[in-house]
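Below are the structure tokens for one structure; questions will follow.
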Amino acid sequence: VARYGDFVRYRPPLKESTWLLWFGPFIGIIAGAGLLFITLKKRASNQEFEAEDI
């Protein structure tokens, strides 16, 4: 730990320098779900317009 820091531990302490390790995966999952939701919503609205044109 002295050489590489808290990043090499399996359970690093929760402090300001390790917030990204603790909360990064949750932020990534939430961001990915939001991006997926927006993409699917846009795709659905585009299909509605195409159906009206026919």
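Give the residues of segment 3-18 that are out of contact with any Phe, Trp or Tyr (no Cβ under 8 Å at 6 or more places or on another chain) and surrounded by 11 or more Cβ atoms within 10 Å (Cβ to Cβ), sorted by residue number.
If the condition is that a residue be out of contact with any Phe, Trp or Tyr (no Cβ under 8 Å at 6 or more places or on another chain) and surrounded by 11 or more Cβ atoms within 10 Å (Cβ to Cβ), then 5, 6, 7, 9, 17 are the ones that fit.
Considering segment 16-54 alone, what residues qualify as being over 13 Å from the mean Cα position of the chain (by Cα), at pLDDT 90 or above and farther than 23 Å from residue 6 by Cα?
Correct list: 38, 39, 40, 41, 42.
The values are calculated or read from the model by the stated rules, or taken from the named source; none is laboratory data. None of the values given here were measured: they were computed from a predicted structure. All Cβ positions, even for glycine, are placed from backbone atoms using ideal geometry, and neighbour counts span all protein chains on display.
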